[in-house]
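Colleague: Got a structure here, written out as structure tokens. Questions coming.
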Amino acid sequence: MGMDDLTPASPPEADLTPRMRELLQRIARAGQPPFWTQTPQQARASYARMAQVLDFAPADLPLADTLDCPSRDGERLALRRYAARAADWQVPQPALLYLHGGGFVIGSAATHDALCRQLALRSGWMVLSLDYRLAPEHRFPTAFNDSWDALQWLAAHGDMLGVDTRCLAVGGDSAGGTLAAACALAARDAQLPLALQLLFYPGMGSAHETPSQRRYGHGFLLEREQIDWFFGLYLRDRADAGDWRFAPQRAADHRGVAAAWIAVAGCDPLRDEGLAYAAQLRRAGVAVEATEWAGVTHDFIKMSRALPEAEQAVEAAAQALRAASAPRE
């Protein structure tokens, strides 16, 4: 045994940036009850109150309105539209369907309003943010079905909205990243070409098996108990956990899916599964750009008032969108 083997491992807290550590301390002092101790309705209200406290200031855009699109069961789904220029049917814009995070239980297009405004402003793309239906009122696979229905509707009818239907992307954060990755798989199977899948710290259905789940499962904003609570409300039974629409890593084949841009947080229970999915896509021959933002936690992209990494990651995502819509030589 060498001397290195006798060196005690550093505590997980040492992995955080000073700003992230201070922010977690402030959040702990606020004494907010954990989501899993509340009803889903209470948790949604709590998240809505907190969601934009540290987020970007909402950018003023020439186009910001709310539309709706149909779902397979006849429900009309709200779709917030953002663009840095007015809709123009003569000069259509590339479009990103954005799917918000929140464990399939909380969150909404409203909680992700400031983020989507920034993506539209910085990328030059039209961003359409979907209010898919939430669990437990609507269990798996409703969130996926709503997301996939909206993407197909955009591909078929986006020209009415000023969308360039030849240049579509799908993206999201956390559970929204899961939905986006699943939609990219469905689009591949339906021969619906996508320019990009844009994934912020997506969940891939790894349960608690990974080192990052073990190291960062407590005290780093996204708790193991919270993950279990979300999944318990969303999934109908244990068999759903193996379905690629919930766990995109379980798809039989990843060849031919859209190019991926993936951002993970260094101190996030979901870090390892996001990086593993990037490696899985690369092995399948998919073009992937994956970046780990060290020292920050899950949900960091919505903390720009406290964390420089948030603005850096959103700008990098916007650059990826711009590159995806650039004319090919």
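Colleague: Pull up segment 282-304, narrow it to residues that are among the basic types (Lys, Arg) and surrounded by 14 or more Cβ atoms within 10 Å (Cβ to Cβ), then point me to the one that is farthest from residue 196 (Cα to Cα).
Modeller: Within segment 282-304, the match that is farthest from residue 196 (Cα to Cα) is 302.
Colleague: Report, by residue number, each residue of segment 15-53 that is of a type in the set (A, V, I, L, M) and modelled with pLDDT of 95 or more.
Modeller: The answer is 16, 20, 23, 24, 43, 45, 48.
Colleague: Does any residue of segment 119-128 turn out to be of a type in the set (Val, Ile, Thr), touching a Cys at 6+ places or on another chain (Cβ under 8 Å) and free of Cβ contacts under 8 Å to residues at least 60 places away in the same chain?
Modeller: Yes: segment 119-128 contains one or more residues that are of a type in the set (Val, Ile, Thr), touching a Cys at 6+ places or on another chain (Cβ under 8 Å) and free of Cβ contacts under 8 Å to residues at least 60 places away in the same chain.
Colleague: A follow-up question, please. Yes or no: segment 307-321 includes at least one residue that is over 19 Å from residue 119 (Cβ atoms) and of a type in the set (A, V, I, L, M, F, W, C).
Modeller: Within segment 307-321, none of the residues are over 19 Å from residue 119 (Cβ atoms) and of a type in the set (A, V, I, L, M, F, W, C).
Colleague: While we're on this one: Cβ contacts < 8 Å: first residue under 15 Å from residue 317 (Cα atoms), restricted to segment 163-175; second residue polar (S, T, N, Q) and assigned to a strand (DSSP E or B), any location; separation 6+ or different chain. Result?
Modeller: Hits for this filter: 169/197; 170/197; 171/197.
Colleague: Enumerate the pairs (first residue in segment 290-310 and assigned to a loop (DSSP other than H, G, I, E, B) and modelled with pLDDT under 95; second residue anywhere and polar (S, T, N, Q) and surrounded by fewer than 17 Cβ atoms within 10 Å (Cβ to Cβ)) with beta-carbon separation below 9 Å, excluding pairs fewer than 6 apart on the same chain, so at least 6 apart or on different chains.
Modeller: Note: no pairs meet the criteria.
Colleague: Return the residues of segment 133-154 that are within 16 Å of the chain's Cα centre (by Cα) and among the acidic types (Asp, Glu); say none if nothing qualifies.
Modeller: Residue satisfying the conditions is 146 alone.
Colleague: Give 171, 176 a once-over and let me know the one that is within 17 Å of residue 125 (Cβ to Cβ) and either of a type in the set (A, V, I, L, M) or assigned to a helix (DSSP H, G or I) (or both).
Modeller: Working: 171 fails: either of a type in the set (A, V, I, L, M) or assigned to a helix (DSSP H, G or I) (or both).
Matching residue, one of 171, 176: 176.
Colleague: Does any residue in segment 35-57 that is under 19 Å from residue 301 (Cβ atoms) come within less than 6 Å, Cβ to Cβ, of a residue that is surrounded by 13 or more Cβ atoms within 10 Å (Cβ to Cβ) and among the hydroxyl-bearing types (Ser, Thr, Tyr) six or more places away or on a different chain, and which pairs are these?
Modeller: So the pair list comes out as 48/111; 51/111; 56/304.
Colleague: Now, a different point. Would you mention how many residues in segment 21-56 are assigned to a loop (DSSP other than H, G, I, E, B), under 28 Å from residue 137 (Cβ atoms) and not small (Gly, Ala, Ser)?
Modeller: The qualifying residues number 8.
Colleague: Then there is this: Within segment 228-267, work out how many residues are assigned to a helix (DSSP H, G or I), of a type in the set (Lys, Arg) and at pLDDT 95 or above.
Modeller: Matching residues across segment 228-267 total 1.
Colleague: Determine which member of the set 258, 247, 251 is crowded, with 16+ Cβ neighbours inside 10 Å and touching a strand residue (DSSP E or B) at 6+ places or on another chain (Cβ under 9 Å).
Modeller: Every option except 258 fails the conditions.
Colleague: I've got another one for you. Check segment 71-85 and report whether any residue there is touching a Lys or Arg at 6+ places or on another chain (Cβ under 9 Å), part of a helix (DSSP H, G or I) and among the hydrophobic types (A, V, I, L, M, F, W, C).
Modeller: no
Colleague: Which residues, counting only those in segment 86-112, are modelled with pLDDT of 95 or more, touching a strand residue (DSSP E or B) at 6+ places or on another chain (Cβ under 7 Å) and not in a strand (DSSP E or B)?
Modeller: Here is the first cut: in segment 86-112, the ones modelled with pLDDT of 95 or more are 92-112.
Checking which are touching a strand residue (DSSP E or B) at 6+ places or on another chain (Cβ under 7 Å) leaves us with 92-101, 109, 112.
Across segment 86-112, the qualifying residues are 92, 100, 101, 109, 112.
The values are calculated or read from the model by the stated rules, or taken from the named source; none is laboratory data. Nothing here was measured: the structure is a model prediction, and the numbers come from that model. Don't worry about glycine lacking a Cβ; one is built from the backbone with ideal geometry, like all the others, and counts go over all protein chains shown.
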